[in-house]
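This report concerns only the one structure given below.
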Amino acid sequence: MTYQSLLLEGPGAVAPPDGHPEQGVPWHWGDPFAEQRTATRSAAVVDRSHREVLKVTGPERLSWLHLVISQHVTELPEATGTEALVLDSHGHVDTHMVLAHLGESVYLDSDPGAKATSALPGGGPQSLREYLEAMKFWSQVEISDVTGDLAVLTLLGPDTDQILSTLDIKLAATPYAVAAVEGGFARRMPWPGRSSVDLVVPRPAMTGWWGRITDAGARPAGTWAFDALRVESLRPRVGVDTDDRTIPHEVGWIGTAAHVAKGCYRGQETVAKVFNVGRPPRRMVLLHLDGSPEIYPETGDPVRLGDRVVGRVGSVAQHHELGPVALALLKRSAPVDAELLAGDEDRVVQAAVDPDSVPAEHAAPGREAAARLRS
């Protein structure tokens, strides 16, 4: 059954259009640009209760996870978290997840429908839980799907800590700090924007938590606002900003979600080789799109330099300050100062690479391209 948040029944909640990846939760609450501004200037709360949550327990939870995910977690302290990936045998990204280690349990939350390539020869995609179960072997761990028990709400904005104080939640200021809250936990995130906290709360109490948070001063915001700030923060989403060839180096996940100095996880040979002796074939950049035609490319559309395809479009967003923008995977050979075309068929628009999304040595010509587009 397709998930539908109870908050979609609330006054002002607008569901996303058919086919949008954020199905089941509010897309916006009537004014998506005002919601974005609030999320950057004070505080907003986003319903992300469609995310899937797994719980790993047992005395070998950390040592076992260390073997099957891309992050170094053997000594992950209590009350902290991190980000991690599951890769296929060639180092391509299968799944991205965010971890929280609390109370002798590790919680893994991921986008809805997270998949992993089977470890069996010729095996197809499995759910993340099925993949982890298949990798247990004799390890002393238990894996449970607690999506039905826990729901994710995300606080955004510089007044986030004031909201937490009103809710009597004490959370350290360091990224990925975790603190227990009534049946769940709070986790500080370094994105999107400058201040973000995930509140993972008991699902039966989600609407009550939503009321407490909004009563404390947070404005309801939808996934439109969250995604616009995610795109601005250059944070990819699996299946939108990645394809079946994406490796972590291309989308900024080295260090944040993939550790280069540890072995013993699937795909680590590719991670280490490209990091140490090579360069990734593509890089993720932020594109400024010409919004004057009021048409926009779609995820998966090509990015062209003249008649040559040099990349693919990922997330497309309407940003309250930047205007229409998109994440895109471009070939390394594509010049960053070029005037590009993004889109296909009748939705082709001019595009320019944002200079701040590429290495500093390429920044100057990129600024000229962006200025030409805006003029």
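The values are calculated or read from the model by the stated rules, or taken from the named source; none is laboratory data. Since the structure is predicted, the reported quantities are computational estimates derived from the model, not experimental observations. Don't worry about glycine lacking a Cβ; one is built from the backbone with ideal geometry, like all the others, and counts go over all protein chains shown. These accessible areas exclude ligands, DNA and RNA; they are computed on the full protein's heavy atoms, side chains included. Shrake-Rupley method; radii C 1.70, N 1.55, O 1.52, S 1.80 Å.
Let me know the charge dipole size of the range 163-267 about its Cα centre in debye, to the nearest 20, where only the beta-carbon of Lys, Arg (+1) and Asp, Glu (-1) is charged.
Here the range 163-267 has a charge dipole of around 220 debye.
The accessible surface of the chain, taken with every protein chain in place and a 1.4 Å probe, is 51 percent carbon and sulfur.
Calculate, for the chain, the solvent-accessible area per residue in square angstrom, rolling a 1.4 angstrom probe over the heavy atoms of the protein chains.
Per-residue accessible area for the chain comes out at 43 Å².
What dipole magnitude, in Debye to the nearest 20, does the chain give about its Cα centre under +1 on Lys/Arg Cβ and -1 on Asp/Glu Cβ?
The calculated dipole for the chain is roughly 800 debye.
Global size of the range 1-59: 14.4, 48 Å for Rg and Dmax (C-alpha atoms, Rg to one decimal, Dmax whole). Ordering 316-329, 122-135, 219-232 by mean Cβ neighbour count within 10 Å, with the highest value first, yields 219-232, 316-329, 122-135. Label zone of residue 137 (point 7 Å out along Cα→Cβ, amide N under 19 Å): in the range 41-67 this covers 57-67.
Each residue of the range 164-178 was assigned a 3J(HN,Hα) from its phi angle through the Karplus curve 6.51 cos²θ - 1.76 cosθ + 1.60 (θ = phi - 60°); the sequence is 4, 4, 4, 7, 6, 10, 9, 9, 4, 7, 6, x, 6, 5, 10 Hz, with glycine and proline shown as x.
For the range 229-280, a/c is not less than 1.5, where a ≥ b ≥ c are the root eigenvalues of the C-alpha gyration tensor, and a/b tops b/c. That puts it in the prolate class.
When the GluC sites (Glu not before Pro) in the range 50-107 are filtered for DSSP coil states and for at most 12 other beta-carbon atoms within 10 Å of their beta-carbon, the remaining sites are 75, 78, 104.
Here the Karplus relation 6.51 cos²θ - 1.76 cosθ + 1.60, evaluated at θ = phi - 60°, turns the backbone of the range 59-64 into coupling constants of x, 9, 4, 6, 5, 6 Hz, with x for every Gly and Pro.
Note that the range 155-162 has calculated 3J(HN,Hα) couplings of 8, 10, x, x, 8, 4, 5, 5 Hz, one per residue in order, obtained from phi through the Karplus relation 6.51 cos²θ - 1.76 cosθ + 1.60 (θ = phi - 60°); glycine and proline are x. Given the convex hull of the Cα atoms of the chain, what is a quarter of its surface area in nm²? Computed as one quarter of the Cα hull surface, the answer is 18.9 nm².
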